[in-house]
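Peer 1: The structure's right below; bear with me while I get my questions together.
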Amino acid sequence: MTPDPCPTTRAAAATEGVVKFHCEHDDGVLDPRLYGEVVCRLVAWREILALTGLVGRDPERYGGAAYGNVSARVGRPSAGRGRRAFLVTGTGTSGKRRLGLSDFARVDRWETEANRVRSRGPVRPSSESMSHGAAYDLGPWVRCVFHVHSPVLWRRAEALGLPVTSPSVPYGTPAMAREVERLGSSGLVQSRPLLAMGGHEDGLLAFGRSPEEVGKLLLEWLARAYEAECRA
């Protein structure tokens, strides 16, 4: 099919973060034989994230907008930067109770400076796809990324020694991707692959080698944040 630019629509803005990059998207189905297993692993952890309030939609938060998304690498492990293809939840899907393969897009390429993403699938990719791509560009060891929202963990990030992006940098932009790269090059994220997005209220990025590793990492640091709140 002919590629379509991902539109910024009123419907998308009402349900999830507005897509800020130019997206060349091919509509079509994703082969369950290729992607069914990894999607099931992502969906399983997304259920846990939803139950803990780290993704989803809450009328009492962010004006009722949906928040959070998950992704995982697919394709050649040896692919270079900007070409490390990944599956990511689609824009407008964060508020859905349960997801399936039809709620994911495959991002094949991204160009940070050109603010461009190339994708395919039944839905357009998440507004945070550029940040996911920047995390995958940190190295082949990054195989999974979760973007979540946690007021307590975001509030306690600096006190817990977590990397924090500049408060002046908004989500879903080339500047945010550059911030992820900057923090990644510092070496801190190698030992603590979880960062707070200073300019994106309650937003955090966690990454690692598998959905299980990233999910356990998030729950561990969430518990530490609540412990810090208790002691304060």
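The values are calculated or read from the model by the stated rules, or taken from the named source; none is laboratory data. These numbers were taken from a predicted model, which means no experiment stands behind them. Virtual Cβ from ideal backbone geometry, glycine too; neighbours counted across all protein chains shown.
Peer 1: Here are Val164, Val189: which of them is among the β-branched types (Val, Ile, Thr) and at pLDDT 90 or above?
Peer 2: Val164
Peer 1: Let me ask something else. Are any of the residues in the range 90-106 assigned to a loop (DSSP other than H, G, I, E, B), under 22 Å from Leu183 (Cβ atoms) and not acidic (Asp, Glu)?
Peer 2: No, the conditions are met nowhere in the range 90-106.
Peer 1: Evaluate the following for Val145: is it in a strand (DSSP E or B) and under 12 Å from the mean Cα position of the chain (by Cα)?
Peer 2: Judged against the criteria, Val145 is a match.
Peer 1: Okay, next question. Being within 17 Å of the chain's Cα centre (by Cα), small (Gly, Ala, Ser) and either closer than 19 Å to Leu222 by Cα or assigned to a helix (DSSP H, G or I) (or both): is that true of Ala206 here?
Peer 2: Considered against the rule, which asks whether it is within 17 Å of the chain's Cα centre (by Cα), small (Gly, Ala, Ser) and either closer than 19 Å to Leu222 by Cα or assigned to a helix (DSSP H, G or I) (or both), Ala206 comes out as yes.
Peer 1: With respect to the numbered conditions (1) surrounded by fewer than 17 Cβ atoms within 10 Å (Cβ to Cβ); (2) farther than 17 Å from Leu54 by Cα, which one is the sole condition not fulfilled by Gly208?
Peer 2: It is condition (1) that Gly208 fails.
Peer 1: Give the residue that is farthest from Gly100 (Cα to Cα), with candidates limited to residues of the range 128-142 that are out of contact with any helix residue (DSSP H, G or I) (no Cβ under 8 Å at 6 or more places or on another chain) and buried (at least 20 other Cβ atoms within 10 Å of the Cβ).
Peer 2: Tyr136
Peer 1: Please work out if Pro167 is closer than 21 Å to Leu34 by Cα, out of contact with any helix residue (DSSP H, G or I) (no Cβ under 8 Å at 6 or more places or on another chain) and part of a loop (DSSP other than H, G, I, E, B).
Peer 2: no
Peer 1: Could I ask something else about it? Filter the range 161-187 down to residues that are closer than 19 Å to Ser150 by Cβ and touching a strand residue (DSSP E or B) at 6+ places or on another chain (Cβ under 9 Å) and give me whichever is surrounded by the fewest Cβ atoms within 10 Å (Cβ to Cβ).
Peer 2: Val164
Peer 1: Another one. Name the residue that is surrounded by the most Cβ atoms within 10 Å (Cβ to Cβ), counting only residues in the range 108-127 that are in contact with a Pro (Cβ under 7 Å, 6 or more places away or on another chain) and closer than 16 Å to Thr173 by Cα.
Peer 2: Across the range 108-127, the extreme among qualifying residues is Val117.
Peer 1: Please work out which one of (1) part of a strand (DSSP E or B); (2) of a type in the set (A, V, I, L, M); (3) more than 22 Å from Leu219 (Cβ to Cβ) is the condition Val123 fails and give its number.
Peer 2: (1)
Peer 1: Okay, next question. When the range 111-131 is examined, which residues are found to be under 13 Å from Asn69 (Cβ atoms) and in contact with a Leu (Cβ under 7 Å, 6 or more places away or on another chain)?
Peer 2: Scanning the range 111-131 gives a single hit, Ser131.
Peer 1: Among residues belonging to the range 16-27 that are farther than 18 Å from Ser102 by Cα and of a type outside the set (A, V, I, L, M), point out the one that is nearest to the chain's Cα centre (by Cα).
Peer 2: Gly17
Peer 1: Of the residues Leu30, Leu49, Leu34, Leu87, only one is modelled with pLDDT of 95 or more, within 14 Å of the chain's Cα centre (by Cα) and not in a strand (DSSP E or B); which?
Peer 2: Leu49
Peer 1: Tell me which residues, restricted to the range 60-95, are without any contact (Cβ under 8 Å) to a residue 60 or more places away in the chain, under 18 Å from His147 (Cβ atoms) and of a type in the set (D, E, K, R).
Peer 2: Hit for the range 60-95 is Arg84, nothing else.
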